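Presented below is the structure to which this report refers.
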Protein chains: 2
Amino acid sequence: MTSIEYQVVGVGNALVDILSHEDDGFLSGIGLEKGAATMVDADASEALYARMGPAAEVSGGSAANTVAGVASFGGTAAFVGRVGDDTFGRVFSHDLRSVGVHFDGAVAADGTPTGRCLVVVTPDAQRTMCTYLGAACDLDPESVDPDLVRASAVTYLEGYLWDQPLAKAAIRRAARAAHEGGRRGALTLSDPFCVERHRAEFRVLLEGSVDVLFANEHEICSLYEVDDLDAAMHRVRGHCEIAALTRGPLGSVVVTRDDVHVIDPHPVAQVVDTTGAGDLYAAGFLHGLTAGLDLASCGRLGSLAAAEVISHLGARPLQPLALHAAEVLER
Amino acid sequence: MTSIEYQVVGVGNALVDILSHEDDGFLSGIGLEKGAATMVDADASEALYARMGPAAEVSGGSAANTVAGVASFGGTAAFVGRVGDDTFGRVFSHDLRSVGVHFDGAVAADGTPTGRCLVVVTPDAQRTMCTYLGAACDLDPESVDPDLVRASAVTYLEGYLWDQPLAKAAIRRAARAAHEGGRRGALTLSDPFCVERHRAEFRVLLEGSVDVLFANEHEICSLYEVDDLDAAMHRVRGHCEIAALTRGPLGSVVVTRDDVHVIDPHPVAQVVDTTGAGDLYAAGFLHGLTAGLDLASCGRLGSLAAAEVISHLGARPLQPLALHAAEVLER
């Protein structure tokens, strides 16, 4: 049996985030629904960028943010995704590797540029996203090395991957390799709009290949088409070993077949930008889980990581999360 | 006589800042003096980047930061500088134009990439910079349109330009056009290391072409090779109409032939990154000056802008400075 080299391998869209602060009128002026994550083509992405104010460019991508978070806790992590042979591709690769995440950095074959996510941050710290996937779409089944999956305690998949036909086959390959190797598969539902688009497929997936599910309450309620979290919890506990359900400022609940752990949020002095909150919650949780911590501790590490990332612009930690992990666990 | 179209035209290096948080050991490990601004070639820039942690990319460049700040106050501004025909060039152009700064965006002829400034931010919020000028070096005398200078109340030059032989001729052309048009010339000494490199030339320049000088106390003391600010103030007041001398957390002093105004700093909840503090002080000061305010009010607007920019990562305002200008002036 392959020995474990990485706590988490993330499979996801390699994106650079382009973030600007805008007022609510900006969103209504361009017909974007606040909080949505929309897929756009290259031309629409350029047109929106031209209307945005001055921006900051920071590496993003949901699963990539999560593995960067695991590394920030001092954990071992790898990432599978596709960049272009360009400046943003080099920025994305640098930002993962410089925190110690293993990333082969393979570029899309056809010269497609690195994907980008235009992120509009409104004064309420909510983020609204328009993603041009670009080279990220080049993630095909051959991109996923079964040995890497078998060498990772958890294979973590982002729901956004379901927006790409090729990536679905890559996901199935990764999930199969994980289970055959006796490893865990994890999934984040990513976004309520993403759940709307892929509800049936997500439900099937949850019944077989997912051991750990991450979702916020809107996503899990949409998945099961129920109105409240209690009903959703009732449904999900029959399907996967662990479901970590985030509730924004209310914290999170961790649900297993037999138990429910209610996790307090970690205090935040000022919420600046909620981009990446869910991604970093998953980072803390999975770091704890693969380090053998109990589920309540996993949840507390998730809350810590989410609190750090929403206190500043951008979806990756600015402070090493390892700095505060011990004090959170001592509480 | 040309009518005034812009309050300030900035002439400077077009750079994208690549900022990472590092500890003090990082600087000593690579032999960089804290607070220094060093010029490096493309290879050295790549080598340093490879050692830096995850970074954020944000438009920078001293004079460009200043004109972006003027625009953030609701003022009119233009920028003269050279980018490359590449991603960072488009990012730089976007970030200026999207706040309303006029910028022709002319690219370097020979395919040289856009300049970049690697900025290492230490836990004390101090910044240490390594700049690869790239396309910024293409700023030649032909780049400066005398009509643009004559249409601007103030032509603002950054001391860093003295590191490029071609740019010096561009500066002389700009200064001449400003004076012939009855406009003011302004200069920032940029950096104590920059003053070390160009002391004699800066002194000559101050005696003829500079009406408004910006410097921090280290720079002005280095310029005149004196030990304290009083001595430097004594020297500078004979040379230029207005000298605005910044003192970090102590605020600033504005010196004319006959007066000295002592300006308090604007309160800052937490100093995160001092990159751009001087640039934004100049923005507030020049916005006030060209709007006809008294010198003490100009200084207060400078303090306000500096306080905003040091409260977050990056050297450009995240909040419109116009929002708080009125309340600062009412005090």
| note | Where a ≥ b ≥ c are root eigenvalues of the Cα gyration tensor, a/c under 1.5 meaning rounded, otherwise prolate if a/b exceeds b/c and oblate otherwise, the range A:107-155 counts as oblate
| Whole-Hz ³J(HN,Hα) from phi, Karplus 6.51 cos²θ - 1.76 cosθ + 1.60, for the range A:270-279, glycine and proline x | 8, 7, 9, 7, 7, 3, x, 4, x, 4
| query | Using a simple charge model, +1 on the beta-carbon of Lys and Arg, -1 on the beta-carbon of Asp and Glu, nothing else, what dipole does the protein assembly as shown show about its Cα centre, in debye to the nearest 20? | reply | 0 debye
| For chain A, modelled as a Gaussian network with Cα springs under 10 Å, which listed residue fluctuates most, A:Asp145, A:Asp17, A:Asp191? | A:Asp145
| Taking only C-alpha pairs under 8 Å that are 6+ residues apart, what is the relative contact order of the range A:1-144 in percent? | 37 percent
| query | Which residue, B:Thr87, B:Thr38, B:Thr246, has the most motion in a Gaussian network model of chain B that connects Cα atoms within less than 10 Å? | reply | B:Thr87
| request: Measure off 7 Å from each Cα along the Cα-to-Cβ vector at A:Ala42 and B:Asp104, then give the distance between these two points in nanometres to one decimal. | output: 2.9 nm
| field | Candidates A:Ala36, A:Ala136, A:Ala50: whichever shows maximal mean-square fluctuation once chain A is modelled as a Gaussian network with Cα springs under 10 Å | value | A:Ala50
| field | DSSP beta bridge pairing in chain A, given as percent antiparallel to the nearest 5 | value | 35 percent
| query | Could you give the distance between the Cα centres of the range A:64-109 and the range A:297-331, to the whole Å? | reply | 20 Å
| query | Once both labels are modelled 7 Å past Cα along the beta-carbon direction, what's the B:Thr2-A:Asp24 spacing in nm? | reply | 4.4 nm
| For chain B, with only Lys/Arg (+1) and Asp/Glu (-1) charged at the beta-carbon, what is the dipole magnitude about the Cα centre, in debye rounded to 20? | 580 debye
| Of A:Ala151, A:His102, A:Gly251, which is farthest on the positive side of the dipole of chain A, counting Cα position, with +1 on Lys and Arg Cβ, -1 on Asp and Glu Cβ, and the Cα centre as origin? | A:Ala151
| Stokes-Einstein D for the range A:132-172, Kirkwood Rh over Cα pairs, 4 °C, 1.567 mPa s (µm²/s) | 120 µm²/s
| query | Can you tell me the Rg and Dmax of the range A:213-331, counting just the alpha carbons, in angstroms? | reply | 13.8, 40
| field | Neighbour-count order for A:Arg127, A:Arg173, fewest beta carbons within 10 angstrom listed first | value | A:Arg173, A:Arg127
| query | What residues qualify as long-range amide H neighbours of A:Ile263, i.e. H under 5 Å apart, gap of 5 or more or another chain, H built at 1.01 Å from N? | reply | A:Ser252, A:Val253, A:Val254
| task | With r as the distance between the Cβ atoms of B:Val204 and B:Ala169 and R0 = 22 Å, compute the FRET efficiency 1/(1 + (r/R0)^6) and round to 0.05. | result | 0.90
| said: What would the Debye equation give as log₁₀ I(q)/I(0) for the protein assembly as shown at q = 0.08 Å⁻¹, counting only Cα atoms as equal point scatterers? | reply: -0.61
| note | Phi-derived 3J(HN,Hα) across the range A:83-96 with the Karplus relation (6.51, -1.76, 1.60, θ = phi - 60°), rounded Hz, x for Gly and Pro, is 10, x, 8, 7, 4, 5, x, 5, 4, 4, 5, 4, 5, 6
| note | Computed ³J(HN,Hα) along the range B:171-182: with the Karplus parameters 6.51/-1.76/1.60, θ = phi - 60°, integer Hz and x for glycine or proline, the list is 5, 4, 4, 5, 5, 5, 4, 5, 5, 4, x, x
| message | Rounded, prolate or oblate for chain B? Axes are the square roots of the Cα gyration tensor eigenvalues, ordered a ≥ b ≥ c, and the cut-off for rounded is a/c under 1.5. | response | rounded
| request: Evaluate the charge dipole of the range A:16-175 about its Cα centre and quote only its size in Debye, nearest 20, assuming +1 on the Cβ of each Lys and Arg and -1 on the Cβ of each Asp and Glu. | output: 460 debye
| task | First measure r as the distance between the Cβ atoms of B:Val226 and B:Glu142, then evaluate 1/(1 + (r/R0)^6) with R0 = 30 Å and state the FRET efficiency to the nearest 0.05. | result | 0.20
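None of the figures in this text is laboratory data; all of them are computed from the coordinates on show. Remember, predicted model here, so these are calculated numbers, not experimental data. All Cβ positions, glycine included, derive from the backbone under ideal geometry; neighbour counts span all protein chains shown.
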